[in-house]
Amino acid sequence: MKPQLIKSTLLILSILCLVVLTSSCRDTNKKTENVNANATVYPSDVIPFMDQWRILCGDGTKFEELANIEHRDYFYVTNDGNTDWVIYKTPNSGITSRTSSNTRTELGQKEHWTTEIGGKLTGSLKVMHVSTSGDARVAASYSVVVGQIHGNEGHENEPLKIFYKKFPGHTKGSVFWNYEINTAGDDNSGRWDYSTPVWGYDMSVVGSSPTTSPEEPKDGIALGEEFSYEINVYKGIMYLTFKSEGHETKTFTKNLLKSDFAKKEDIPQQIWTLYAVIGRDGVEREQAYAGELQNFKQGAYNQTNGKNPEDNIVWSTGSETYNGDIEKQYANGCYAEVWFKNGTLGAGIDPNQE
């Protein structure tokens, strides 16, 4: 064979090999893309701090380790077309924790800290659904707690609960935060929550009848509208910051080492109005939550339950529960659903140095 012909043949073979290799690489890339497209995205892929939490879900399922864990219909990830969100969903009636009558799909911080040591929790979220059944006269109806500090000693009360609440028929709901007194003495039956509005109403604004809602809040937050919170406990002082696009940023400060409610005359009028009918008129110990172990919680702690409002007009919401049938509750709007897109957890920080 002539040298020129050999060179031409080799060139053609080289080109053919290159085409085959390129085609093979493209096929491999396609296969890889398809595999990745079908791969499960776990909550721990979206919010990396999951290794610092455990979770209790609304059906009673518990997970101590959350890496690569999901629990469909309760704790999982969805994408709204732009962003991955961790979903926390829980019915009005399911399996509850030892200290509550309400269901939750909620993270519980593994580490405990004293109020003096403190800690910091942030979250960016949107509430997608609250129960549409309940008694409008009951303060807890139609609400969900999306973040809290929970006591783990003494009465195990809660120095902070962040709520979202929306009455049926309203477009806008309210964000507010509650401080529960750390009741003085051994009897915790007189405990109560003092509620502070962020956007919209505080917890004490209720309907005039079981089916009559108050006027819709003018500066409220709609379902699906994003907002964020920062809880920063530093040297016994709690600093709260709430932000939402189109709304005024709100900040609050609360001393957790010294009570504002240690005497009967310190009890706010809100408490006399809201709790008088159920006899909650306790006072707080002078040192509030000083020296007691706390931890953070985050997710969906449903405040709506099927208990009789006539027994407790503040917390027993008389909601529909379909005898605990979770599928029916989900189908008929008797659940809470909260989406988080990010969050952080760490040590408390001097607010003057942030």
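The table below lists the values:
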{"item": "Phi to ³J(HN,Hα) by Karplus 6.51 cos²θ - 1.76 cosθ + 1.60 over region 120-127, Hz, x for Gly, Pro", "result": "9, 10, 10, x, 10, 8, 8, 8"}
{"item": "Low-density loop positions, GluC sites (Glu not before Pro), region 33-85 - DSSP coil, at most 14 other Cβ in 10 Å", "result": "GLU64, GLU65"}
{"item": "LYS62 - accessible surface, heavy atoms, 1.4 Å probe, Å² rounded to 10", "result": "150 Å²"}
{"item": "Integer Hz, Karplus 6.51/-1.76/1.60 couplings in order for region 63-73, x for Gly and Pro", "result": "10, 8, 10, 10, 5, 6, 10, 9, 9, 3, 6"}
{"item": "Zone of VAL41's modelled label, taken as backbone nitrogen in region 68-91 under 20 Å from a point 7 Å along Cα→Cβ", "result": "68-89"}
{"item": "Calculated from backbone phi, Karplus (6.51, -1.76, 1.60) coupling profile of region 176-192 in Hz, x at Gly/Pro", "result": "8, 10, 10, 10, 8, 5, 8, 3, 5, x, 8, 9, 9, 5, x, 5, 8"}
{"item": "For PRO168, net neighbour charge (Lys/Arg +1, Asp/Glu -1) across residues whose Cβ lies under 13 Å away", "result": "0"}
{"item": "Whole-percent carbon and sulfur share, accessible surface of the chain, 1.4 Å", "result": "50 percent"}
{"item": "Within the chain: Cβ-based charge dipole about Cα centre, in debye rounded to nearest 20 (Lys, Arg +1; Asp, Glu -1)", "result": "1340 debye"}
{"item": "Correct choice for Rg and Dmax of the Cα atoms in Å that was computed from the model, options [x] 26.0, 112; [y] 28.2, 112; [z] 19.3, 71", "result": "[x]"}
{"item": "Full-extension gain in nm, GLU156 to THR212, via 0.36 nm per residue minus C-alpha separation", "result": "16.7 nm"}
{"item": "Net length gained if the chain between LYS328 and GLU310 were fully extended (0.36 nm per residue, minus Cα distance)", "result": "4.0 nm"}
{"item": "Residues whose placed amide H lies under 5 Å from that of SER213, excluding near-sequence neighbours", "result": "none"}
{"item": "Cα-centred dipole magnitude for region 263-335, charges only on beta-carbon of K, R (+1) and D, E (-1), debye, nearest 20", "result": "80 debye"}
{"item": "Across LYS62/LYS341; LYS161/LYS307; LYS89/LYS172; LYS218/LYS307; LYS235/LYS263; LYS62/LYS297, pairs whose alpha-carbon gap is larger than 26 Å", "result": "LYS218/LYS307"}
{"item": "Surface accessible to a 1.4 Å probe, ILE95 within the full protein complex, Å²", "result": "90 Å²"}
{"item": "Whole-number accessible area per residue in Å² for the chain, which is evaluated in the context of all protein chains at 1.4 Å", "result": "47 Å²"}
{"item": "0 to 90° range, to nearest 10: angle between helix 3-38 axis and the chain longest Cα axis", "result": "20 degrees"}
{"item": "Approximate spin-label separation THR99-GLN270, in nm, with each point projected 7 Å along Cα-to-Cβ", "result": "2.2 nm"}
{"item": "Other-chain or far-sequence residues with amide H under 5 Å of ASP59's (modelled H)", "result": "ILE95"}
{"item": "Dipole moment magnitude, nearest 20 debye, region 48-130 about Cα centre, only Lys, Arg, Asp, Glu C-beta charged", "result": "240 debye"}
{"item": "The chain, helix-only ellipticity at 222 nm - DSSP H runs n ≥ 4, -39,500 (n - 2.57), divided by all residues, nearest 500", "result": "-5000 deg cm²/dmol"}
{"item": "Sequence-distant residues sharing a close amide H with LEU293 (under 5 Å, placed H)", "result": "ASN152, GLU153"}
{"item": "Selection from THR253, ALA331, THR273, by position along the positive dipole direction of the chain (Cβ)", "result": "ALA331"}
{"item": "Point-to-point label distance, ASN255-ILE278, nm (Cα→Cβ direction, 7 Å offset)", "result": "2.9 nm"}
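The values are calculated or read from the model by the stated rules, or taken from the named source; none is laboratory data. It should be emphasised that the depicted structure is a prediction, and the values quoted were computed from it without experimental measurement. All Cβ positions, glycine included, derive from the backbone under ideal geometry; neighbour counts span all protein chains shown. Ligands, DNA and RNA are stripped out before the accessible areas are found, and what is left, the full protein with its side chains, is counted by its heavy atoms. Shrake-Rupley method; radii C 1.70, N 1.55, O 1.52, S 1.80 Å.
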